[in-house]
Structures are given as C-alpha cells and as structure tokens.
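The values are calculated or read from the model by the stated rules, or taken from the named source; none is laboratory data. Computed from a predicted structure; not experimentally measured. Here the Cβ positions follow ideal geometry from the backbone for every residue, glycine too, while neighbour counts run over all protein chains shown.
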Amino acid sequence: MSTQNRPTSGAPHSASTNSAAPGGTAAASKTGTADVVRIPRPAGGPGRGGPFAGMNVPAEKAMNFGPSAKRLLGTLRPERAWLLLVLVMGVASVTLSVIGPRLLGEGTNLIFAGVVSKQLPAGVSKAELIAQLRAAGENQKADMLTPMALTPGQRIDFAALSNVLMWALVLYVLASAFMWVQAYVLNGVVQRTVFGLREEIEAKIHRLPLRYFDSIQRGELLSRVTNDVDNISQSLQQSISQAVTSVLTVVGVLVMMFILSPTLALIALVTIPLTLGITALIAKRSQKLFVAQWKHTGELNGQIEETYTGHALVKVFGRQREVEERFRQKNVELYDASFGAQFISGLIMPAMTFIGNLVYVGIAVVGGLQCSWATCRRSSSTRGSSPCRWRSWGPWPTCCSPGWRPRSAYSRCWTSRRSLLSLLVLVLILGGAGWCLRTSRSLTRRTSR
Amino acid sequence: MLWKLLVEYLRPHRQLLIAVVIFQLAQSIASLYLPTLNADIIDEGVAKGDTDVILSLGALMLGITLLQIVCAVIAVYFGAKAAMGVGRDLRGAIFTRVGEFSEQEVTKFGAPSLITRSTNDVQQVQQLVLMAATMMVAAPMLAIGGVIMAVRQDVQLSWLIAVAVPVLMIGVGLIITRMVPLFRKMQKRIDTVNRVLREQLTGIRVVRAFVREDIETARFAQANEDVTDTALRAGRLMALAFPVVMLVLNVSSVAVIWFGSFRIEDGSMQVGTLIAFLSYLMQILMSVMMATFMAVMIPRAAVSADRIGEVLNTESSVRPPLHPVSSAVSSDGHRRGQLEMRDVGFAYPGADQPVLSGLSFTARAGQTTAIIGSTGAGKTTLVNLMPRLFDATTGSVRMDGVDVRELHPDLLWGHIGLVPQRPYLFTGTVRSNLQYGKPDATEDELWSALEIAQARDFVEEMEGGLDAPISQGGTNVSGGQRQRLAIARALVKRPELYIFDDSFSSLDTGTDARLRQALKRSTAGATLVIIAQRVSSIVDADQILVLDDGRIVGRGTHRGLLETSETYREIVSSQLAAEETV
C-alpha cells in the first residue's frame, strides 16, 4: 500500500514546491504579524522546503488551488481503475435517474390524455371525431386533439400507465442500486487514499529535520496532520461523488430536455453558466473564510492548550488578564470568520432552489409563448395584415382569422405543450431530488462529525 | 444539561432567534405555497393554453420564490450569527472558568480533557444550534404545513403519506442508529491516531535519540489500520443512506401517480393537483428526514453539553478574598517575603488520608529553606499551597503575617517567583519567556538572570540569541536548558519569595553547584524555598525540613539532621549508595 503510494506522491511534492513559493511567503508574512514571532520555516533544510511546501500555513491552499488539486489527483492515481468504476456507476445511476422523471412525465401525459378522451363521445375513431369537429366548425378543438393519443370515450389507458410506471419503478430501483455501488466503491478508494496519506505523513515526520519541529507551534502541526487529513477525507468523498453526480445530472437532464424540446432546453442551458457562476462566486468567498476559520481555530486551540498546560505559571506570573485578553481577541476573530463561512456556504442551497424555480417558470412561460407565437407568425405571414395580439393566447390567438389555420403550426404548438408537461414534471422532480440529495449529504456530513 | 445550557447561552441572542423563527416561518409558508402555484400553472395555464395566466402565475411564482430565498438567507444569517455567538460565548465562559480554577480542579479534570471540552465539545453544541436554526426550525413547519396542504389537495390520497413517512423514518433511522456508534468508534480511533502523532511530535528528540522510529511507525500503522477499518465500515453504511432515501422518494412518486390516476379518472382530481400532491409529499419526506438526522445529533450534543456543564458548574476551591488586603505590611517587623505555615493540613475532597497534616514552619527572608522527602511525601502539594494554587484544608499559610486567603492575588503572586517541577515554556522566543513575569525587563536584566541561571552560554550560542524561537512547552531545548530558562524567568521577576520545586534535578552536579552559588549571591535578602530530592542541592540550606507521609519528621541543618533524623540519614545514605554505583 505504502510502497505503491510513495513514488506517485513524490512527484507532486516536488512539483508543488515552486508554485507554492509565492503563497508561502505571503502566508509567512501573515503569521509574522502575530504577536508571537515564529521563524517561517527553515529555508535550506533537506528537500529545500519541499516537504513543508504542502504542509504550510493553510492560507496557501486558497492561493494555490490548482496545484493542490493536481496533487490530490496524483495521490488518487493508484485507484484509477476503481475511480473508473465509480464513474461508470455514476453514469448508469444518473442516466436512470434522469429517465425516471421522464417516464413519470409520460405517465402524467397518459393521464392527461385520458382526461381529455373521457369527455369525448365514445364509439368514434379519433380521425372521425376530428373530421366531425371540423365539419361543425370547431376547428380549435380539432387542432387541439390532433396530436394527442386519443381513443374517444376511453378512460385513462391504465394498461399503458401501469406499463410506464412499472418501468419507472425498475429504473429507480436500479438507479438506487448503482448509486449504492458507486458510493461503496468510492468509500473504499477514499479510505485507502487517506490511509496512504497518513502513512506518508508518519514517514515524513521521521525524515524531517529537528529544526522544523522547533520552528512551529505543536498544536498547529498537529492540526495539519490530523484535522487537515480528516478534511481531505471528507471532501474527497464528497467532491468526487458530487462532481460525478452533478456534472452527469446536468448533462443527462439537458439531453433529455433536448429530446423533448430543443427550444426549451436552451432555457435550461442558459441557467448553467448562471449556476456555475453563483457556485463559483460563493465557493470562492466561502473558501477564504473557511481557511480563515481553520487558521483561527488552530491558533485558538494552541492558545487554549498552552494556557491550560501552563495554568499555574500563568497565574503566579500574573499573566491571567493578558492571556484572557488575547483569548478574547482570537475568539472574536474566530467568531467573525466562522460566522462568515457558515453564512456564505448557507447561501448555496437557496440559490440553487431559486435557479430551479426559475427554470420551471421559464419553461412554462416560454413554452406557452413559443406555441402561440409560432401560430401567429404563420398566420400573419400568410394573411399579411392581421393585427397580431400574440400575447393573448386566449384559448386561441385572436390575430388569426377563424377560417384558416395551418395545422402544422398548431401541431407544433401542441407537441410542445405535451412535452411542456413532461418537462415541467422533469424539472420539478429533479429539482426536488437534487435538493433532497444535497440536504441529506450535508446532514450526514454534520451528523458524522 | 443541554437544554439548560442552550437556554442560558441563547438568551443573549434571543432577538436573533426570534428573527430566525419568523423568517423560517415565512420561508416555509412560501415554499408550501409554491407547489400550489406549480399546479395552477399546469391546470390553468398549460392545460388551457393561457399564456397570460402562465405569465402572471409565473411572475407570482418567481416573486414567491424570491421571497422564500430572501427569507431563507436572512434566517441563515441570523441563525449562523446566533450559533457562532453561542460557540464564542461558551468558549469564553469555559476559558474564564478554567482561569479561575485552582490547580486542584485542573488536576481533577486534566488539562487535555479541559482542552477537548473548550474546543470539540463547544463545536458540537455550536453545530447543533446552527443546524437547529437553519433546518430544525423549518422541519416541523414544513412537515405539518405539507400534510395540511397535501390533504387539502386530495384527502383520499393522503394514506400515501401515512405509509411513506414511517418507511422513510425506519429506513433512515436504521441506518443512522447503526452509523452513529461506528462514527463514535471512528472518532475514538482517530483520537488514537492523533495521540500517537502527538506523542511522536512531542518526543521527537527521544524517538530519534533512541532510534525508535521503526517501533513508532509500527504503532502508528496499527492505529492507522484500525481507523481505516472502522471508517470503511461506517462509510459503507453511509453509502447505503442516499440510495435508500432516493428509493423511498422515487417509489412514492410512482405510487402517487399510479393511485392519483384513479382519482383523476373519477374526476375528483386534476393533473396539476396530482403534481402538487407529489411536491408536498416530497417536502414532508424531506422534513422527516431532517428531523431524523437532528434526532441523532441531539444525544451527541447532549453528551458534549454535559461535559461543558461539568466545567462551568465546578467552583474553584480557591476563591479570591472578598475584602483583600492589598498591601502586606508585616506585623512583626520582619522583612517582606517571609512565609509561614501554621498547623497546615491538606486533603483532597473525598480522600480518607490527608496529603499533608500538622505542618508548621517559617521560611525566613534571607534564608534558604529546603524541603526534602521521598516521592509521594507531599512536597508538590506543599509547593502549591504557597502561591495559593491550592487552599489548605486546615491551618493557614501566611505571607508576611497575612493569611494568603486574605491577600489580593496580584499582590501575593507579585511576591512569588515559581520554578515548577516540570519547567514549562511558552511558544515564542527566549526573550518573551524571560519577560513573562516582568514584561518591561531590560536586556541587561535578562542577561544577568541568564548568567545566574547558568544559561548565558547556551542562549548566546542559540541562533538569534534572546530572540531564538521556543516551541510550545519548550520542547526544542533540552530538559536541563529548559530548567535553567525557567529559573532565569523567575529571577527576572525579582520576587521576595522564590520557590524551586525540584528545579535542579536535570542539571549535572557541577552546574547545580555553580547555580546555587550565584543564586545565593543575587537573591540575598529574599526567601528561598527549595524542594529537592538530591541531598547535594540542599546541604548548605539554613533550614531543612524532612517530609514523610505528609508530616515534618525532622528539621534542622544538614549536620544536625544527620544526627537527629533517621529518615534523613536513610535518604542521604541511599543517595550516596546510588552515586557510588553510578
């Protein structure tokens, strides 16, 4: 295990040395402002600062996200076969999870068609009925019914419905199963990686020059090798599964939407940069705050440890007040940082909900408009002068004279209205599922700590 | 305890909490209204092809969504503020309380335990408040509101709720209840890993000196394997959680559509209503899931709260005087720094045997009083009584004739220079450590103190001299150097009473002798109390007290005691024997 890891992680170590340098100096100057003077780090020790580069003051992480991520990926290299399986399972479960709502939408459509059919007289075929309606001058109704799968007089097609829903059930069970396999395999990958990471740290401790230990507060070093490893394990598990699932879900939903209606899918497409933008913005701000939070936590814990261990000395040497004042300051600093971090990261969920609802309304509105607009343009281009009140769809657009209505335009309109319903169900269910997943993830994370 | 603690520490933030509840309520109502709007858009807009309706309802829906988001954000803002405030206040309260503790309480809890209580346990409680403010407040509102709304949509379908909710609760509950003990076990094992690492880092010099790297690495590997093993098992359970939740939610959706279709067939339900019902069911299930998770968090936070409560409810056994004597005027005309014990006894609460009993002696100014005795004789307890780190159970300890319990602590401690048995240094530099008792000490004062403490040579050799870094606890200098720095630290303070608690043990006899010579010259006029195990350190003391089993069994000079005290003779001869064998 360890021998497998060492050579691969050795390379990123040295690779990050150079790139980490600017961050390192910035961080060093930061710590220099603290009232406790600390030697930044031995400059010419064995490995030319390389070993410490990655373990340096947390502030560096924010500034060198790229190299850190690259290095993390390097650590994961021995697991790539398993990661591939995670990816495959992710693709499978997401695909099924996206098709599921589509089937539910199909089911809804069947119900919808059944509702309409029931109101029609029985014993006539659909073609006859439409012909009848047209003869009676009820072109509107005829146009509406044309694209629907109707059997006049029939009720909801329960056979078809149960068929569709049964498939949905199968898909969902399979989706959950794949999801489970994905998480199970990923768990193994992450734990093995973290195991290797700890082992590496242990090996490194025994290789580091003694002066390194002299130049750093013990609490801080401990926090790095304990808390930070825990953090890596937590975030690895989460970021990998989340990255896989979210990217795939976005792709899957888009594909599904394009199949249903390319135009409406564009709306959803518009929200992707919006989502990414908001997430990036929040992540960027919260990352800084989280780094600050960890930094302050480490420092405060260091203070607490020192004060409690040297309790008698603090008293007899009359430092109680000064120590408390220093603690109070740090405590407030930690409060500010952690409050900020919690608040900013708490923004993500409401923002996502908003975007989800935005998509829903957008699809509903544009879906409706597209329909009537297509009709009107068609009729106005044929008829030329009709004043087109396209905004008022009506039941039927008033701009078009009753005598001439191109069927193709209406059928397009109705196709899109049918898929509109499916789309809306899709957005709703996926939105709910996504929210559910995010919430339960964050809940488990918090419960597990 | 959790409840009491929360009530007490949330009270200052009650405005924030009220705001949280109000905004969470508004947020919940808004999010409960949304599915109805969704349904209307389908039923009134899409089904009828009415763009105006879609537009106006869509605008309304976006408006409501926006309102919900704003309320949610505000609630999170206030919730985070309150939670972090509680954390900050709790940490502050514990820190202040521990500051008031006497050594007795610190020993009782143990410094590491106090550290965990001030950090991790506070974190747990803080986390609970945060979760409660951001989720738990909304969960019952969403659940109850969701049930009402769903029933309003369609009563007949409501039985689905009655099935889905318990199924989800049992499923999630089963997983979590198995997961939590595993996580607890994992935490313990992570602590073990941390402990091993801590020990290695603290004792890195010892590890290197004795070439114990392989043994330590093996020990670490074992701990690492244990933690990985538990983490794997916990992770596997966790891997099961999401698929189960999703399965319950998805199967419920399918069921709603299937059973709803019959209702629609009846004509008692519309398509939009069906979808609204679906949304409400999801909301209900979500809040149930949140509540289940919260239910798991509470016991853990309660354990933490108990541990915090223990600290906060412990009164210091040493209380500052109500009417402190703020200037010690020696009543009998003695010089300042005279320490007197009158019939002093000390027993730990609940202990049968007192640690000290019937101690009476006077350590006079300008003299050296040495206390010798075997391990467990009560020497360190005696030391703790002098600067009032403990309070005597019987009798009184007097500084210049005034009971230390009546003296203002600042005044008392201002008189005393303590060199503890374990010479602890603080993170910083040699300078910051030396100035610990006298922040305005000049460079000359520091060097002269270092010279007396026989520490000048090695400090001069250190890179940076006075500004050479000192790591936490002073682990980057050798034990003997640490001891000499601790002595210099006490000397810089120039107190009237010096207490050396076994402070020469790590020094070689030559350095020990030189140090005591220099000490005698520079501290002339001050009271010296030296606790020692080595006879050679105290042969020239003006007064030697032989302590055995908490009692003074002999007193006098070295020569006198050799004749009068059996115990002293034993100690001397045993040490001579030991020195011969070395």
So, B:V404, is that one closer than 29 Å to B:Q517 by Cα and of a type in the set (V, I, T) or not? no
Against the definition (assigned to a loop (DSSP other than H, G, I, E, B) and of a type in the set (S, T, Y)), how does B:S253 come out, yes or no? no
Contacts under 6 angstrom Cβ, first residue in segment B:500-527 being farther than 23 Å from B:L382 by Cβ, partner not charged (D, E, K, R), 6 or more apart: B:T511/B:Q454; B:R514/B:Q454; B:A518/B:I452; B:S522/B:I452; B:G525/B:G366
Out of curiosity, is B:A526 at pLDDT 85 or above, over 36 Å from the mean Cα position of the chain (by Cα) and surrounded by fewer than 24 Cβ atoms within 10 Å (Cβ to Cβ)? yes
Looking only at segment B:196-216, and only at residues there that are outside any loop (DSSP other than H, G, I, E, B) and more than 10 Å from every other protein chain (Cβ to nearest Cβ), the one that is farthest from A:D230 (Cα to Cα): B:A209
Unmet requirement for B:L160, which otherwise passes all of (1) out of contact with any Lys or Arg (no Cβ under 7 Å at 6 or more places or on another chain); (2) surrounded by fewer than 17 Cβ atoms within 10 Å (Cβ to Cβ): (2)
What's the total number of residues in segment B:364-411 that are assigned to a loop (DSSP other than H, G, I, E, B) and among the charged types (D, E, K, R)? 6
Considering each residue of segment B:185-195, count those that are in contact (Cβ under 8 Å) with a residue 40 or more places away in the chain and within 11 Å of another protein chain (Cβ to nearest Cβ), and give that number. 1
Scan segment B:440-452 and report the pairs whose first residue is within 23 Å of B:D512 (Cα to Cα) and whose second residue is part of a helix (DSSP H, G or I) and β-branched (V, I, T), with Cβ atoms within less than 7 Å and a gap of 6+ or a chain change. B:E445/B:V492; B:L446/B:V492; B:A449/B:V492; B:L450/B:V459
Return the pair list, or none, for Cβ contacts closer than 9 Å from residues in segment B:13-26 that are closer than 9 Å to B:A82 by Cβ to residues that are charged (D, E, K, R), at least 6 apart or on different chains. B:H13/B:K81; B:H13/B:D89; B:L16/B:K81
Which one of A:V291, A:V314 is β-branched (V, I, T) and within 12 Å of another protein chain (Cβ to nearest Cβ)? A:V314
Please specify each residue of segment B:275-300 satisfying the condition of being more than 7 Å from chain A (Cβ to nearest Cβ) and under 15 Å from A:V425 (Cα atoms). B:A276, B:F277, B:L278, B:Y280, B:L281
B:A39 surrounded by 20 or more Cβ atoms within 10 Å (Cβ to Cβ) and in a helix (DSSP H, G or I): yes
Is it true that B:V172 is surrounded by 20 or more Cβ atoms within 10 Å (Cβ to Cβ) and within 12 Å of chain A (Cβ to nearest Cβ)? yes
Write out, first by first residue and then by second, each pair whose Cβ atoms fall under 8 Å of each other, whose residues are 6+ apart or on separate chains, and whose first residue, in segment B:555-577, is more than 10 Å from B:V535 (Cβ to Cβ) while the second is among the acidic types (D, E). B:T557/B:D542; B:T567/B:D548
Residue among B:R263, B:R236, B:R219 that is surrounded by fewer than 23 Cβ atoms within 10 Å (Cβ to Cβ), more than 8 Å from chain A (Cβ to nearest Cβ), assigned to a helix (DSSP H, G or I) and within 39 Å of the chain's Cα centre (by Cα): B:R219
Within segment A:163-183, considering residues that are surrounded by fewer than 21 Cβ atoms within 10 Å (Cβ to Cβ) and within 8 Å of another protein chain (Cβ to nearest Cβ), the one nearest to B:D214 (Cα to Cα): A:A177
